[in-house]
1. Please verify whether segment 267-281 includes one or more residues that are surrounded by 18 or more Cβ atoms within 10 Å (Cβ to Cβ) and touching a Cys at 6+ places or on another chain (Cβ under 7 Å).
2. Out of the residues in segment 37-64 that are open to solvent by 70 Å² or more (accessible area, probe 1.4 Å) and assigned to a loop (DSSP other than H, G, I, E, B), state the one that is modelled with the lowest pLDDT.
3. Taking segment 319-345 as the search range and keeping residues that are assigned to a helix (DSSP H, G or I) and over 48 Å from the mean Cα position of the chain (by Cα), which one is surrounded by the most Cβ atoms within 10 Å (Cβ to Cβ)?
4. For the condition within 22 Å of Cys230 (Cα to Cα) and open to solvent by less than 40 Å² (accessible area, probe 1.4 Å), what is the one hit in Tyr293, Tyr257?
5. With the condition kept exactly as written, say whether any residue in segment 24-34 is surrounded by 13 or more Cβ atoms within 10 Å (Cβ to Cβ) and either within 32 Å of the chain's Cα centre (by Cα) or within 29 Å of Ile131 (Cα to Cα) (or both).
6. Name the residue that is nearest to Lys150 (Cα to Cα), counting only residues in segment 190-206 that are surrounded by fewer than 19 Cβ atoms within 10 Å (Cβ to Cβ) and among the hydroxyl-bearing types (Ser, Thr, Tyr).
7. Please list, ordered by first then second residue, the pairs with beta carbon atoms under 7 Å, 6 or more apart or interchain, first in segment 191-213 and within 18 Å of Gln173 (Cβ to Cβ), second open to solvent by 70 Å² or more (accessible area, probe 1.4 Å) and of a type in the set (Ser, Thr, Tyr).
8. Considering segment 134-153 alone, what residues qualify as being in contact with a helix residue (DSSP H, G or I) (Cβ under 6 Å, 6 or more places away or on another chain) and either part of a helix (DSSP H, G or I) or open to solvent by less than 20 Å² (accessible area, probe 1.4 Å) (or both)?
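The values are calculated or read from the model by the stated rules, or taken from the named source; none is laboratory data. Everything numeric in this text was worked out from a predicted model, so none of it was measured. No Cβ is skipped: glycine too gets one built from the backbone with ideal geometry, and neighbour counts run over all protein chains shown. Surface areas here come from the heavy atoms of the whole protein model, side chains and all, with no ligands, DNA or RNA. Shrake-Rupley method; radii C 1.70, N 1.55, O 1.52, S 1.80 Å.
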Amino acid sequence: MKINEVIRKYRKDENLTQEQVANYLGVTAPAVNKWENGISYPDITLLAPLARILKTDVDTLLSFHEELSDAECRQLVKGISDSIQRDGFTAGFEMGEALIKEYPNCDILRLNIADILRVHLIVKEIENPEIYENKIIGWYEVALTSKDEKIINLAKFSLTGYYMTKGIYEKAQQYLDEIQPLGFDKRFTQAILYEKQARYDDAYEIYENILYKGAQELSNVLQMICHLLCTEKKYTEAEKYADLSRDIAAALDLGDYTAYTSNFLLAVEKKDIPQGIEMLEHMINGIDTYEDYKASKLYSHVRFYKSTNPDASKKVLRNSLKNNAELDFIKNEPAAKKLFQRLEE
């Protein structure tokens with residue numbers, strides 16, 4: 001708890017009003033109200049008498065044994081790791097256990113200590129590891145009762161890893177299913193868990209879905225950057241992104257229509273007639289193979305949505321090119337006329 005929460009809690013435990021606390025300390029009731037709302041803090045000279053009034057001590061008042069900064073936590077955990085390297089696992093474990101007793105309400109410290117000890121327990125040959133494991137699991141379970149959702153999720157993530165290494169896959173799955181998406185992607189852990197259970201097709205499906213969605217997202221980002229550079233007339237830089245977008249789309253089997261979109265956009269923006277005609281031909285050719293990525297070996301385990309009318313999608317793409325007013329600069333070119341005729345077919 002923070003100092004404002006401590007003051008409020010202990011005041012209420014003693015059945016004191018803010019005005020009574022103020023009168024004891026010779027300050028105003030609004031001042032005490034500000035302390036409890038975290039707007040301001042008591043003067044250092046008031047800490048000892050305030051602690052006496054609330055029948056506690058200054059350490060508790062300042063949450064000395066609760067609030068640790070991230071840097072302090074890292075330093076303490078590093079000390080445990082150093083102790084293990086220097087004096088052996090048991091010495092490091094005892095040091096961690098002592099720190100948890102010293103800071104019983106610091107959830108993140110408990111979690112970090114459990115993690116570092118579990119890692120060392122895995123990589124070192126320790127006699128009777130179950131003695132230590134039981135305590136470490138107990139610390140994780142205490143972390144599950146934290147008020148901080150992030151700490152709860154991290155504890156579940158660590159428990160998923162623990163039960164996975166033990167081959168208790170049902171328990172690992174249970175914790176993994178409970179993890180809420182708060183800044184890390186649990187799909188990778190799920191795929192590893194499937195692999196451990198020899199459910200290879202399920203693991204492939206996860207990885208390939210990530211690959212496909214990532215490929216689409218990367219392609220879209222490069223197209224948007226290219227578009228932005230064209231807006232600023234930075235054509236040389238835009239060309240680099242367009243070529244990169246083309247190469248990545250080709251490597252990841254996204255098809256010619258996607259691969260040449262940025263180059264096409266660049267040619268249109270520059271009103272480059274030869275390049276515009278060449279890119280238009282690539283785009284038209286790409287329409288017929290627009291959904292070929294669904295047959296790619298890269299995505300053989302992905303369950304793609306089956307279009308009920310693939311011809312309708314191709315028609316939309318053809319119409320978008322045929323009715324694009326920005327292509328007027330090439331419409332009278334003989335080579336371009338032949339291409340536009342193909343769009344009518």
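1. Within segment 267-281, one or more residues are surrounded by 18 or more Cβ atoms within 10 Å (Cβ to Cβ) and touching a Cys at 6+ places or on another chain (Cβ under 7 Å).
2. Among those that are open to solvent by 70 Å² or more (accessible area, probe 1.4 Å) and assigned to a loop (DSSP other than H, G, I, E, B), it is Phe64.
3. Here is the first cut: in segment 319-345, the residues assigned to a helix (DSSP H, G or I) are 319-322, 325-327, 334-344.
Okay, now just the ones that are also over 48 Å from the mean Cα position of the chain (by Cα), so 334-335, 337-338, 341.
Values: Pro334: 7, Ala335: 13, Lys337: 11, Lys338: 11, Gln341: 9.
The extreme case among them is Ala335.
4. On the way: Tyr293 fails: within 22 Å of Cys230 (Cα to Cα).
Residue meeting the stated conditions: Tyr257.
5. no
6. Tyr204
7. From residues that are within 18 Å of Gln173 (Cβ to Cβ), the pairs are Ala191/Tyr207.
8. Correct list: Ile136, Trp139, Tyr140, Ala143, Ser146, Ile151.
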